[in-house]
Amino acid sequence: MFDTSVPNVARAYDYLLGGKDNYAADRRLAERIVELIPDAVQSCRLNREFLVRVVGHLARQGIRQFIDIGSGLPTHPNVHDIVQSVGPDARVVYVDNDHVVAAHARALLMGGAGVFAIDGDLRKPEDIITSARELIDFREPAAVLMFAVLHFITDAEQPAKLIGAFKDAVVPGSCLAISHITDDQVSPVVSREAQAVYRDASAPAVPRSRSDIGQFFAGFSLLGPGVVDINDWPAQGRLPEVGKRPAATLFYGGVGVKDNPRPRREPDHRTSLARV
């Protein structure tokens, strides 16, 4: 059994994206955040669009293995929908630390070739890596996706060290993609109130600065414009129904490559992204 009176961050995010897999406590949390930050709904949808652009680009560059950490509830288009439209043989591992979310994902994704959903907590990276080794080949490049998950990891839990385990596990040519909330352009009062809303939820909320988020890519070569407002990352594949961007930056994002080797189809990753 699980307690539906405790707001769950994955289900609250599902609600903000317009999903139906949520409960009253999740909706109350999300609605309070929207009261504090009216652009929150738009920003969450634009964050999903950022995922679509990034994953599509990496698939077109030849990446055929993806590990989506903190994947949350399945949301169309899913990562496997995107990558398998480019490479039908691509393999995607969805990871979430909420057992109910992971079980729901397995039920919804059942029967999909090359698609897996496992229980795993970013705070225990070696457990995720061990499980993922049974599903993908770590001798080949892989993309590690951390969209809207690292801001649920406190500084005391050493997020850079947790990310480092995945950096060490993957081979050159592999990618790390991150999106992360920020309060760089939010008033201190609103930021404190928003963080307080999450204190009684399944995870805290820890906004970070652009500089702090950039440090998560240490040792990897950043693609394109680097760590930027997610809406400033190259825009091929923009979803027209999402609409205009918020006035303030609420999410930063970026993509890094291990050793940044020569790509398969284009002369330079930066050049490639400049044309996206």
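Read the figures in this text as sums done on the coordinates, not as results from a lab. Please read these numbers as outputs of a predicted model, since none were measured by experiment. Don't worry about glycine lacking a Cβ; one is built from the backbone with ideal geometry, like all the others, and counts go over all protein chains shown.
Quick notes
- Mean-position separation - Cα centroids, region 142-172 and region 54-95, in angstrom: 18 Å
- Diffusion coefficient, µm² s⁻¹, Stokes-Einstein with Kirkwood Rh over alpha-carbon pairs of region 1-108 at 25 °C and 0.890 mPa s: 166 µm²/s
- Computed lengthening from ASP3 to GLN158, 0.36 nm per intervening residue step minus Cα-Cα distance: 53.0 nm
- The chain: antiparallel DSSP beta bridges as a percent of all, rounded to 5: 40 percent
- Longest exposed-site-free window of the chain, the sites being chymotrypsin sites (Phe, Trp or Tyr not before Pro) in a DSSP loop that have at most 16 other C-beta atoms within 10 Å: 139-276
- Over all other residues within a Cβ to Cβ distance under 13 Å of ASN8, the charged ones net out to -4, with Lys and Arg as +1 and Asp and Glu as -1.
- Restricting the calculation to Cα atoms, every distinct pair contributes to the Kirkwood radius of the chain, found to be 18.8 Å.
- The phi-based Karplus calculation (6.51 cos²θ - 1.76 cosθ + 1.60; θ = phi - 60°) puts the 3J(HN,Hα) values of region 156-161 at 5, 8, 6, x, 4, 5 Hz, whole numbers, x for Gly and Pro.
- Relative contact order of the chain, taken over Cα pairs closer than 8 Å and 6 or more residues apart, is 20 percent.
- Under 20 Å from the Cα of LYS161 - aspartates and glutamates, other chains or at least 8 residues apart: ASP68, ASP96, ASP121, GLU126, ASP127, ASP212, ASP259
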